[in-house]
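The values are calculated or read from the model by the stated rules, or taken from the named source; none is laboratory data. No experiment lies behind these values; they were computed from the predicted model shown. Heads up, the Cβs are rebuilt from the backbone with ideal geometry, glycines too, and the neighbour counts pull from every protein chain shown. Please note that ligands, DNA and RNA were not included when accessible areas were found on the heavy atoms of the full protein model with its side chains. Shrake-Rupley method; radii C 1.70, N 1.55, O 1.52, S 1.80 Å.
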Amino acid sequence: MTAGIDKINFFAPPYYLDMKDLAHARDVDPDKFTIGIGQDQMAVSPVSHDIVTLAANAALPILSEEDKQKIDLVIVGTESSIDESKASAVILHGLLGIQPFARAIELKEACYSATAGLQFAKEYVLHHPDRKALVIAADIARYGLNSGGEPTQGAGAVAMVISSQPRILALSEESVPLTQDIYDFWRPTGVEYPVVDGPLSNATYIESFQKVWQEFSRRYHKSFSDFAALSFHIPYTKMGKKALLAGLASESAAEQERLLARYEESIRYSRKIGNLYTGSLYLGLISLLENSQQLTAGSQLGLFSYGSGAVAEFFTGTLQEGFADHLRKAEHELLLDARNRLTVAEYEKMFSTQLTNTNLAADPDNTRFRLEAVQQQIRKYRL
């Protein structure tokens, strides 16, 4: 029996800010952003987008009518929830036209929760091989104007259809999770922006990768040479590289060069979008699959998921025959190329725009799914 990723797609809002423009406006050397943290552009979300619209726009293009009838489980991983009680997955279930006899839930554990959703979906499909699951990671990463975290902001969503006959990546039973109670990044209820201990967060991320990799290697007798590539959670593109370099310290120069080359392929989209929180690992996976010429059917991939607070996991999968035929590289490149470049003043205005019906009516965004009004605290979406 197998289960894994049958379809995968990402969506980013139709606006971006060039990081060099932000650097000049903040009186910072542009190299600090483009080289120091490894970001070229930042996706910017208008008032008409929230995690529901981002998720719906990511999911709809890959859902056939057959999928909608066979999906029994809709899971959204997010740390940008729009409601303390009602799951965004319930709203998405209706917007996407999923058959009614399905479970719809929302999961939270910082940037890790989509991986938990993927593992839950895998187990469901293994026990119900004629059915499917939809897992979506959707977030808007915001730290505030002129804040230390501002250059690592971003927005978007990744949607995955999980089936027992996956055409892209079959997930293995080999995985190692890790939980540690650490306050490296958190956002108390009612607080608008996260509280971040940057040095601790960086150190915990790197140490978590080393811990899960070493335990994985011990349990399953695997080495880096067993993997064609590794994909990382990418809060900013230099973060994953730091962890990879630390893990490869004792490897040969050739092995380091091989895996670092694959890593560079995995961050091309993230350099243009920024931090997707729960979707960052899976945006990196899409970038790797769509931009590498070195991967073939049967290649083993290692995936490192991390969520501050902290939960991490190293898990694996096998690329399927003809996997490249089921990717959406042309559509993704068109999506990124069609975005509108904002000036810093336009970005700051968009960032500060409050959610009101007047502002929603004035928003020119014409994306397939968008927020149109809020009536008696109920969000109304364009169908």
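Once a ≥ b ≥ c are taken as the square roots of the eigenvalues of the Cα gyration tensor of region 1-63, is the result rounded (a/c under 1.5), prolate (a/b larger than b/c) or oblate (a/b not larger than b/c)? It is oblate, given that a/c is not under 1.5 and a/b is not larger than b/c. Taking a ≥ b ≥ c as the square roots of the eigenvalues of the Cα gyration tensor, an a/c ratio of 1.5 or more together with a/b no larger than b/c marks region 204-302 as oblate. List nothing, just return the count: lysine pairs in region 11-142, 8 or more apart or interchain, with Cα separation under 28 Å. Taking the Cα cut-off of 28 Å, the pair count is 15.
For the chain, list log₁₀ I(q)/I(0) at each q in 0.10, 0.11, 0.13 Å⁻¹, using the Debye formula over Cα point scatterers of equal strength and ignoring solvent, two decimals each. Debye curve over Cα of the chain, log10 I(q)/I(0) at q = 0.10, 0.11, 0.13 Å⁻¹: -0.59, -0.73, -1.05. Annotation: for a label point projected 7 angstrom from Cα along Cα→Cβ of THR179, residues of region 104-138 with backbone N closer than 16 Å are 107-117, 119-120. Protection proxy ranking, highest mean first, for peptides 188-200, 267-279, 245-257: 267-279, 245-257, 188-200, where packing is the per-residue count of other beta-carbon atoms within 10 Å, averaged. For the chain, the relative contact order is 25 percent, taking Cα pairs closer than 8 Å that sit 6 or more residues apart in sequence and dividing their mean separation by the residue count. In percent, rounded to a whole number, the relative contact order of region 223-337 is 30, using alpha-carbon pairs under 8 Å and six or more apart.
For region 20-35, backbone phi angles converted through the Karplus equation (6.51, -1.76, 1.60; θ = phi - 60°) give residue-by-residue couplings of 5, 5, 5, 4, 4, 5, 9, 6, 10, 4, x, 4, 5, 8, 6, 10 Hz, Gly and Pro being listed as x.
Rolling a 1.4 Å probe over the protein chains gives THR358 an accessible area of about 110 Å². 3J(HN,Hα) couplings calculated from phi for region 154-170 with the Karplus curve 6.51 cos²θ - 1.76 cosθ + 1.60 (θ = phi - 60°) are, in sequence order, x, 6, x, 8, 10, 10, 9, 9, 10, 9, 7, 10, x, 8, 10, 9, 8 Hz; Gly and Pro show x. What you get for region 138-212, charging only the Cβ of Lys and Arg (+1) and of Asp and Glu (-1), is a dipole of about 240 debye around the Cα centre.
Restricting to the chain, what percent of DSSP beta bridges are antiparallel, rounded to 5?
Percent antiparallel among DSSP bridges in the chain is about 70.
Amide H contacts under 5 Å for ALA373: LYS380, restricted to partners 5 or more places along the chain or on a different chain, H placed in the peptide plane at 1.01 Å from N.
Under 5 Å from the amide H of ASP139 lie the amide H atoms of GLY156, each residue being 5 or more positions distant or on a separate chain, with H modelled from the backbone and absent for Pro and chain starts. Starting from the Cα gyration tensor of region 308-351, take the square roots of the eigenvalues, sort them a ≥ b ≥ c, and report rounded, prolate or oblate (rounded when a/c is under 1.5, otherwise prolate if a/b is larger than b/c, else oblate). Oblate, since a/c reaches 1.5 and b/c is not below a/b. A simple rule links phi to the HN-Hα coupling: the Karplus curve 6.51 cos²θ - 1.76 cosθ + 1.60 with θ = phi - 60°, which for region 128-140 gives 9, x, 8, 10, 9, 9, 10, 10, 10, 10, 9, 7, 10 Hz, with x for Gly and Pro. Highest average first, the peptides 69-81, 222-234 ordered by how many other beta carbon atoms sit within 10 Å of their residues are 69-81, 222-234. When all protein chains stay in place and ligands, DNA and RNA are ignored, the 1.4 Å accessible-area order of ILE35, ILE182, ILE8, largest first, is ILE35, ILE182, ILE8. Shown for region 226-383: lysine pairs separated by 8 or more places, or found on different chains, whose C-alpha atoms are under 22 Å apart, numbering 5. A Förster radius of 25 Å, combined with the Cβ-Cβ distance separating PHE101 from GLN165, puts the computed FRET efficiency at roughly 0.70. Placing +1 on the Cβ of every Lys and Arg and -1 on the Cβ of every Asp and Glu, with nothing else charged, gives region 251-359 a dipole about its Cα centre of roughly 380 debye.
The ellipsoid that matches the Cα gyration tensor of region 1-111 has semi-axes, each √(5λ) in whole angstrom, of 34, 16, 14, with the longest given first. Basic side chains Lys and Arg get +1 at the Cβ, acidic Asp and Glu get -1 at the Cβ, and with that the dipole of the chain about its Cα centre reaches some 400 debye.
Expressed as a whole percent, the accessible surface of region 1-99 that belongs to carbon and sulfur atoms is 49, based on a 1.4 Å probe.
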